[in-house]
Amino acid sequence: MRTIICATGLLLSASMACASGGIWCNVDDAAVAFEVGAGVTRGMGGPTFNFRGDLEIKARSADDHLRKTVFEDANLTQYWLDDKDLRLNIYHEHEVAQTFSSVELTILTKASDEGVYDGQYTLAVYDSTADKDGDGKTTDLTGKVSCGAE
């Protein structure tokens with residue numbers, strides 16, 4: 001009986017492993033360096049899990065709170081993946097001394113080969129401490145991005 005239970009457990013594990021894949025994107029250009037990625041389930045609408053990422057805005061000073069951002073599950077606000085497109089919208093707020101700043105990374109790509117997506121990223125950086133009027137200042141950075149999916 002124990003052999004049957006173990007064999008059944010192995011078969012279930014194997015079928016579950018086939019039921020998921022992943023998405024990832026990375027850039028290292030003159031303006032920014034970032035890597036983002038997540039697991040994606042097949043079926044059930046294809047939700048993501050374990051979304052993680054790191055972003056560095058190279059032009060900002062080393063002590064600037066917006067220079068480096070770590071992304072987690074809650075920061076992936078929208079995503080789309082099919083055979084034609086991979087699109088991600090990632091948003092993170094920073095709070096320093098009761099002022100809020102944010103980074104919003106938008107990735108829009110098209111499939112160029114099976115599992116390969118190429119396109120553009122836009123990074124909108126809202127810095128509430130940069131403007132003397134208190135309204136804040138937004139800087140947009142753009143560039144090419146390469147992504148993958150399985």
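The values are calculated or read from the model by the stated rules, or taken from the named source; none is laboratory data. As the structure is a computational prediction, the values presented were derived from the model and not from experiment. Neighbour counts run over all protein chains shown; Cβ positions are idealised from the backbone, glycine included. Note: accessible area is taken over every heavy atom of the protein model, side chains too, but ligands, DNA and RNA are not part of it. Shrake-Rupley method; radii C 1.70, N 1.55, O 1.52, S 1.80 Å.
Using beta carbons and a limit of 9 Å, which pairs, at least six apart or on different chains, have the first residue in region 85-112 and closer than 18 Å to residue 32 by Cβ and of a type in the set (A, V, I, L, M) and the second one at pLDDT 95 or above and not in a strand (DSSP E or B)?
Here the result reads 90/75; 105/75, each pair linking region 85-112 to a residue that is at pLDDT 95 or above and not in a strand (DSSP E or B).
Take the residues in region 79-105 that are in contact with an Asp or Glu (Cβ under 6 Å, 6 or more places away or on another chain) and of a type in the set (Phe, Trp, Tyr); name whichever of them is farthest from residue 43 (Cα to Cα).
Applying the filter and picking the extreme gives 100.
If you take just the strands (runs of 3 or more DSSP E) that sit entirely in region 32-121, which of them hold at least 1 residues that are closer than 17 Å to residue 22 by Cα and open to solvent by 20 Å² or more (accessible area, probe 1.4 Å)?
32-41, 48-57, 76-81, 85-96, 99-113
For region 16-23, indicate whether the set of residues that are in a helix (DSSP H, G or I), open to solvent by 60 Å² or more (accessible area, probe 1.4 Å) and at pLDDT 90 or above is non-empty.
The answer is no, given that none of the residues of region 16-23 is in a helix (DSSP H, G or I), open to solvent by 60 Å² or more (accessible area, probe 1.4 Å) and at pLDDT 90 or above.
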